[in-house]
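Remarks on the structure that follows.
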Amino acid sequence: MSDTFVILPGDGIGPEIVNEAEKVLNWLKDNEGLDIEVQHDLIGGQAYDEYGVPFADETLEKCRAAKAILMGSVGGPKWDGVDYDKRPEAGLLRARKELNLFANLRPALVFDALVDASSLKPEIVKGLDILIVRELTGGVYFGEPRGVDTNDKGERYGFNTLVYSEPEVERIARVAFDMAMKRDKRLCSVDKANVLESTVLWREVVERVAKDFPEVDLSHMYVDNAAMQLVRDPKQFDVIVTTNMFGDILSDCAAMLTGSIGMLPSASLNESGQGMYEPCHGSAPDIAGQGIANPIGTILSMAMLLRYSLNLEEEAASVERSVEGALAEGYRTPDIAADGGEMVDTARMGDVIAGSV
């Protein structure tokens, strides 16, 4: 692969928040000698408007040749009437599938300066640092058969298939165990093995992989209980590994523990270490263009890109320290302004973080 990465701004607030991440990137290039080429292209609704599809073949090939992809979020009501296979979200799903981005890493970290921004009591979230490892290319979002049909009574019905193979479960389990080894060596596998046969297999495979990681303390939890425990006692968790749909739901729940989903990054990796990096939040078209979106989730996603795909740990840590410093100094976008501080717009928050890298 070339020493390039691709930026896909996405829809809604995507271009605004990605622009702030690029400010930080440009500071690193100008001041730390970061030597990497950046290319730009489109995904989602913007791609549909330009190319007629939400993720063009040419864009896919550009991404295949890059070390990493940084993107904003996709979607918006403008494209609600578009055929399902051409909606913005279909472009994102295609990118994940075609690039084999099977391992989704979603950290939930509470900065000391934002303890009071959480809707939970400070003593419950202070010091929170968990990682959700979500399987991203299998499960009910991709399983076949799927669709909408009509039965012999003339009644329409929709159906999806939840299916996992042993190799799919094993590879995501190994990623989760590896992550646990680098942290507190505790891993909770979340399933619904009491009613879903596919997750009976999931649990069996996770337990088999655990034999290769004797230092990791493995536990299991049903997904409904896990959702409850995340808001009751989230610090009991270190690393969570779970299926595509369960991970989608639980990671958004964990995001709100931090005070705002706008704070949280994510990384989606394949087996070669190539990754797509994006904030956990959506495209928020209702606030697009108003300058009030929080760019921190995207900036921290870029830090994950530097760490996981470019192996630039020092630069990644520098970006994270800059974010922490900006928050400690009291700078706040509207979504995290519950505790007061200096209210700033999207661009100003990017300027502050870039200026202190």
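The values are calculated or read from the model by the stated rules, or taken from the named source; none is laboratory data. Model, not experiment: these values are computed from the prediction. Glycine also receives a Cβ, built like all others from the backbone with ideal geometry; neighbour counts cover every protein chain displayed.
A few remarks follow.
- Complete set of residues in region 299-349 that are outside any loop (DSSP other than H, G, I, E, B) and in contact with a Gly (Cβ under 7 Å, 6 or more places away or on another chain): L305, Y308, Y331, R332, D335, I336, E342, T346, A347
Listed here are the residues, each with its yes/no results for (1) surrounded by 24 or more Cβ atoms within 10 Å (Cβ to Cβ); (2) at pLDDT 95 or above.
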{"position": "Q274", "(1), (2)": "no, no"}
{"position": "P279", "(1), (2)": "yes, no"}
{"position": "S301", "(1), (2)": "yes, yes"}
{"position": "D335", "(1), (2)": "no, no"}
{"position": "G341", "(1), (2)": "no, no"}
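- In the set (1) over 25 Å from I43 (Cα atoms); (2) in contact with a Pro (Cβ under 6 Å, 6 or more places away or on another chain), the condition left unmet by R232 is number (2).
- Scanning region 4-19 for residues that are closer than 17 Å to V319 by Cα and crowded, with 24+ Cβ neighbours inside 10 Å returns I17, V18.
- Residue in region 67-86 that is charged (D, E, K, R), surrounded by fewer than 18 Cβ atoms within 10 Å (Cβ to Cβ) and either in contact with a Gly (Cβ under 9 Å, 6 or more places away or on another chain) or not assigned by TED's automatic domain parsing to the domain that holds N270 (or both) present: yes
- Restricting attention to region 121-135, the residues being part of a loop (DSSP other than H, G, I, E, B), more than 22 Å from the chain's Cα centre (by Cα) and in contact (Cβ under 8 Å) with a residue 60 or more places away in the chain number 0.
- Going through (1) touching a Lys or Arg at 6+ places or on another chain (Cβ under 9 Å); (2) without any contact (Cβ under 8 Å) to a residue 60 or more places away in the chain one by one, V200 falls short only on (1).
- Of the helices (runs of 4 or more DSSP H) lying entirely inside region 33-120, those containing at least 2 residues that are at pLDDT below 95 span 88-98.
- For region 10-32, the set of residues classified as under 17 Å from I296 (Cβ atoms) and outside any helix (DSSP H, G or I) consists of G10, G12, I13, listed by residue number.
- Enumeration of residues in region 221-247 that are within 24 Å of L114 (Cβ to Cβ) and among the charged types (D, E, K, R): R232, D233, K235, D238
- Residue match in region 9-17 (condition: acidic (D, E) and at pLDDT 95 or above): yes
- Scan of region 1-60 for residues that are among the acidic types (D, E) and in contact (Cβ under 8 Å) with a residue 60 or more places away in the chain, ordered by number: D3, D11, E16, E20, E32
- Residues that are in contact (Cβ under 8 Å) with a residue 24 or more places away in the chain and not β-branched (V, I, T), drawn from region 311-320: L312, E315, S318
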